[in-house]
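A.B. asks: I have a structure I would like to understand better, so I am pasting it below and will then ask my questions one at a time.
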Amino acid sequence: MTAPEPLVAVPVRHWGRWVSGALVLGALALLATAFARADVQWSVTREFLTVETIVRGAGRTLLISVLAQALGIVLGVVVAVMRQSGNPVTGAVGWLYVWFFRGTPVLLQLFLWYNLGLVFPTLLGQPTTDVMTPFVAALLGLGINEGAYMAEIVRAGISAVDEGQTEAAQALGMRRGLVMRRIVLPQAMRVIIPPTGNEFINMLKTSSLAFAITYEELTLAARTIYINNLLVFELLFTAAIWYLLLTSVFSVFQYYLERRFARGSARELPPTPWQRVRTNVLRRPRL
Amino acid sequence: MSGPMVLAEQVHKSFGRLEVLKGIDLVVERGQVCCLIGPSGSGKSTFLRCINHLENVDAGRLSVDGELVGYQQRGGKLYELREKETAAKRAEIGMVFQRFNLFPHMTALGNVAEAPVRVRRLPRAGAAERARALLDRVGLADKVDAYPAQLSGGQQQRVAIARALAMDPKLMLFDEPTSALDPELVGEVLDVMRDLAASGMTMVVVTHEMGFARDVADQVVFMDHGVVVEGGSPAQVLEDPRHKRTRDFLGKVL
C-alpha cells in the first residue's frame, strides 16, 4: 500500500492581522519620531549610564532589593507556618502581622522605621539615630512589608499541596517539621516561585521609595545629578535603562529557577528559549 | 511478644455528629491476611486509618502488637501520645493508599530511601542499595530513576509498596490499593501483594477485589454502616454468608 498524496490547500489569509499590524507599527513610528525630535540629549543619557554615582546607585538598588526580599521570604515562611499551626496565639499574631503590614503604605512604614528614634531614643544601648541608618530603615521597611505579602504566597503554596502527601509522609513515621521541610515545602515551591519572582521585580522598583528616607539608591542618584545639571529627562532615562537591565537579567534567572522546580510535575521540562529558537527558526517545520 | 497483631474491642469513631465506627471488634493474628470488604461509607478506611494513628479512637480499645493506639496507660489513667511517640509507632506500620501518594518531586529510588534516611537515620548509600533491592522485588529495577509522573498507576502503586516495606514494618495496611487503577494494571499490584502475604507479612487489606480476598485472605470481614456484620474464613463469608446484608452486597459485586 502506498501512502496517500499529501494535501495541497490554500491557507486562510488573515487580512485583519495585516491591517492591525500596520496600524500599530504606524503609531510606534509616530512615537519614535516624536521622541527623536524632542529636546532630549540622548548622548547624555548614554554617557551617564556608566558614571560612578549612577552605577553605585544601581548597586545599592540591587543590594537593598536582594536583602529585603530575602528578609521577606524568611518572614513569609515563618508567618505562613505560624498561621498553619494549631496554636491560636501564633495564628492570631501571624494574622495581625499580615493585617498591619499589608494594610498600610510601604512609604509610611519606611518613615516609621526611619523616625523610630523619636519614640525610642536608644536602641541596643546606642542612640537610635546611629543604629537606624537609611540603609537599616530601608531594609526593615521594605523587608518586613514584603514578609506580609510573602506570607500569603507561601500559605497558598502550602495549601496547594495535596493532603495525601502529608499523610503518606506521616505514615512513614516522619514528624511534622520533617514533613514540612522535605515533602510539603519543596512541592509548594512550584506554586511559590512565580509570584515571588513577581514580588522581587516589584521590589527592584519599589526600593526607589527609599529615596524618601535618603537612602542613595538608583532613583536618588539620578535625582542628585539632574538637580545640578538640569538634564531631568536624560537622567531619568538613564535610571530607567538600569532598572530595565536589572529586571531583565532577573527574569531570565527566574525562568531557569522555575524550570528547576518543575522536576517531577511535568513529564518533560519546557524548552529553554534557546531550544525554542532552534526548533522554531533553524528547523522550521514545513506545512 | 505473642498475642494478636491487631486487637479491636468496641472501637468507636465520630466525625462531628456523624458516627462512622459504631463498635468494631476485630482480631488479626500475626502472619494473617485480613481483608475488609463492604460498601463505601461503611467505615473500612476509617478503621484502617485508626490502626495507623491517622485518626484517634473515641471509645473502645484498639491495640497493635500489644500496645494501645494513640494513648498510653499509666496507673489506670490514659495519656495521649506525643507526636514523637506517634511517629515512632507509625514508622513500624506500613501503609499503602488508594491514590498512591508518592512524592512527585523525588525519583522512585528517592521515594523509597527517604524515610530510612530521614527517620531511621541509615547511611545514604546503604539505604539506596536496599531501596534498589526493594524496587527489584516489586519488579521495577529498571525504573529506579523515574519520577512518579513518568510511571503508570500500577508501577506507582508498586513503588508505594516498596516505600512502605523500606521501613521493615511489622504490619502492612492497604487502603483500596487497586481502586484507582485501570483494570489491566490491577493484576501486577495484586501479584506483589500475594508475594508479600506468602512471605508471612501481617496484612490488613481494604479491598473490592473478591478474587484476591478468596485466594489470599485468612480472614474476611464484612463491614456495613460502621459495624462488623460478619467475619470468618473466605470460604464461609464469601460462599456461604449468614447475613442478608452480606448476601446483598456480594450479589452486587460478584
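The values are calculated or read from the model by the stated rules, or taken from the named source; none is laboratory data. The shown structure was predicted, so the numbers you read here are calculated from the model rather than taken from an experiment. Cβ coordinates were reconstructed from backbone atoms using ideal geometry, including for glycine residues, and neighbour counts include every protein chain displayed. In case anyone asks, the SASA skips ligands and DNA or RNA and just uses the protein heavy atoms, side chains included. Shrake-Rupley method; radii C 1.70, N 1.55, O 1.52, S 1.80 Å.
A.B. asks: What shape does region B:123-192 take by its C-alpha gyration tensor, where a ≥ b ≥ c are the square roots of the eigenvalues and a/c under 1.5 counts as rounded, a/b above b/c as prolate, and the rest as oblate? Before the final figure, lay out each step's value.
C.D. replies: Working: a/c = 2.26, a/b = 1.39, b/c = 1.63.
Taking the square roots of the gyration eigenvalues as a ≥ b ≥ c, region B:123-192 is oblate.
A.B. asks: Ok, one more. Please work out the Cα center distance from region B:157-184 to region A:145-175, rounded to the nearest Å.
C.D. replies: Cα centres, region B:157-184 to region A:145-175: 24 Å.
A.B. asks: Go ahead and run the numbers for FRET between B:His243 and B:Gln150, Cβ-Cβ distance against an R0 of 35 Å, rounding to 0.05.
C.D. replies: Step by step, r from the Cβ atoms, then E = 0.15.
A.B. asks: Given a cut-off of under 8 Å on Cα pairs at least six residues apart, what relative contact order in percent is computed for chain B?
C.D. replies: Dividing the mean separation by the residue count of chain B yields 26 percent.
A.B. asks: Let me ask something additional. So what's the net charge close to A:Phe233: Lys and Arg +1, Asp and Glu -1, counting the other residues with Cβ under 13 Å from its Cβ?
C.D. replies: Details: positive: A:Arg223; negative: A:Asp39, A:Glu234.
Local charge sum for A:Phe233: -1.
A.B. asks: Next question, about the same structure. Roughly how many Å is it from the Cα centre of region B:79-98 to that of region B:1-40, as a whole number?
C.D. replies: Cα centroid of region B:79-98 versus Cα centroid of region B:1-40: 17 Å apart.
A.B. asks: Which residues in region A:234-262 place their backbone N less than 17 Å from a point set 7 Å from the Cα of A:Ala34 along the Cα-to-Cβ direction?
C.D. replies: Correct set: none at all.
A.B. asks: For B:Asp191 and B:His225, calculate 0.36 nm times their separation in residues minus their Cα-Cα distance, and state this gained length in nm to one decimal.
C.D. replies: Value of the extension gain: 9.2 nm.
A.B. asks: State the extension gain, in nm to one decimal, for the chain segment bounded by B:Arg82 and B:Ser40, taking 0.36 nm per residue of separation less the distance between their alpha-carbons.
C.D. replies: 11.9 nm
A.B. asks: So what's Rg/Rh here for region B:1-110, counting alpha carbon atoms and using the Kirkwood radius for Rh?
C.D. replies: With Rh from the inverse mean 1/r over Cα pairs, Rg/Rh is 0.99.
A.B. asks: Once neighbouring chains are kept in place and the probe is 1.4 Å, which whole percent of the accessible area of region A:1-144 is contributed by carbon and sulfur?
C.D. replies: The value for region A:1-144 is 72 percent carbon and sulfur by accessible area.
A.B. asks: Mind listing P(r) for region B:106-156? All alpha-carbon pairs, 5 Å bins, whole percents.
C.D. replies: In order of increasing distance, the bins hold 5, 24, 32, 22, 13, 4, 0 percent.
A.B. asks: Please compute, for the alpha-carbon atoms of region A:1-89, the extent along each of the three principal axes and give them in descending order in Å.
C.D. replies: Reported extents, whole Å, longest axis first: 71, 60, 29.
A.B. asks: Further question on the same structure: Counting only other chains, what is the mean number of Cβ atoms within 10 angstrom of the Cβ of each residue in peptide A:172-181?
C.D. replies: On the way: counts 19, 15, 7, 9, 3, 1, 5, 2, 0, 1.
For peptide A:172-181, the averaged partner shielding equals 6.
A.B. asks: Compare the peptides A:209-216, A:126-133 by average per-residue count of other Cβ atoms within 10 angstrom and give them in order, highest first. Provide the component values of the computation, followed by the final result.
C.D. replies: Numbers: A:209-216: 20.4, A:126-133: 14.2.
Descending mean neighbour count gives A:209-216, A:126-133.
A.B. asks: Am I reading the A/B interface right? What is its buried accessible area, both sides, 1.4 Å probe, to the nearest 100 Å²?
C.D. replies: Using a 1.4 Å probe, the pair buries roughly 2300 Å².
A.B. asks: Then there's this: What average count of beta carbons from other chains do you get within 10 Å of the Cβ of residues in B:79-91?
C.D. replies: For this peptide, the per-residue mean of nearby foreign Cβ atoms is 3.
A.B. asks: Quick one: what do you get for region B:44-91 if you divide its Cα Rg by 2.2 N^0.38 Å?
C.D. replies: Rounded to two decimals, the normalised Rg is 1.09.
A.B. asks: Step by step: find N for chain B, compute 2.2 N^0.38 Å, then divide the Cα radius of gyration by it. What's the final number?
C.D. replies: For chain B, the normalised Cα radius of gyration comes out at 1.02.
A.B. asks: With a 1.4 Å probe and all protein chains left in place, how much of the accessible area of region B:94-233 comes from carbon and sulfur atoms, in whole percent?
C.D. replies: Carbon and sulfur together cover 46 percent of it.
A.B. asks: So which of B:Lys44/B:Lys252; B:Lys84/B:Lys170; B:Lys22/B:Lys244; B:Lys22/B:Lys89; B:Lys13/B:Lys44 end up more than 21 Å apart by C-alpha?
C.D. replies: Listed pairs above 21 Å: B:Lys22/B:Lys89.
A.B. asks: Over region B:80-204, give the accessible area per residue in Å² for a 1.4 Å probe, as an integer.
C.D. replies: Counting only protein heavy atoms, the per-residue value for region B:80-204 is 41 Å².
A.B. asks: Using only the alpha carbon atoms of region A:132-232, find the Kirkwood hydrodynamic radius as the inverse mean reciprocal pair distance, in angstroms to one decimal.
C.D. replies: With all distinct Cα pairs of region A:132-232 included, I get 16.5 Å.
A.B. asks: Assuming R0 = 60 Å, can you tell me the calculated FRET efficiency for the pair B:Leu254 and A:Val74, based on Cβ-Cβ distance, to the nearest 0.05?
C.D. replies: After rounding to 0.05, the efficiency reads 0.55.
A.B. asks: Counting only Cα, what are the radius of gyration and maximum Cα-Cα distance Dmax of region B:103-254, in Å?
C.D. replies: My reading of the Cα-based Rg and Dmax gives 17.6, 56 Å.
A.B. asks: Give me a single rounded figure for B:149-157: the average over its residues of other chain Cβ atoms within 10 Å of their Cβ. Working shown, then result.
C.D. replies: Values: counts 6, 4, 0, 0, 0, 0, 0, 0, 0.
For this peptide, the per-residue mean of nearby foreign Cβ atoms is 1.
A.B. asks: Something else now. How much of the DSSP bridge set in the protein assembly as shown is antiparallel, in percent, rounded to the nearest 5?
C.D. replies: Values: 26 of 43 bridges.
The antiparallel fraction comes to roughly 60 percent.
A.B. asks: Which whole-percent values make up P(r) of the protein assembly as shown when all C-alpha to C-alpha distances are grouped in 10 Å steps starting at zero?
C.D. replies: Spelled out bin by bin, the protein assembly as shown gives 3, 13, 18, 18, 15, 13, 11, 6, 3, 0, 0 percent.
A.B. asks: Hull surface divided by four, with the convex hull built on the Cα atoms of region A:102-160: how many nm²?
C.D. replies: Directional mean of the projected Cα hull area for region A:102-160 stands at 4.8 nm².
A.B. asks: On alpha-carbon atoms, Rg over Rh for chain A using Kirkwood Rh?
C.D. replies: Using Cα coordinates only, the ratio equals 1.10.
A.B. asks: Between A:Val12, A:Val77, A:Val161, where does the largest GNM mean-square fluctuation fall for chain A, given springs only between Cα atoms within less than 10 Å?
C.D. replies: Its mean-square fluctuation being the largest, the pick is A:Val12.
A.B. asks: Cβ neighbours within 10 Å, averaged per peptide: list B:144-157, B:164-177 in order, most packed at the top.
C.D. replies: Going by the mean number of other Cβ atoms within 10 Å, highest first, we get B:164-177, B:144-157.
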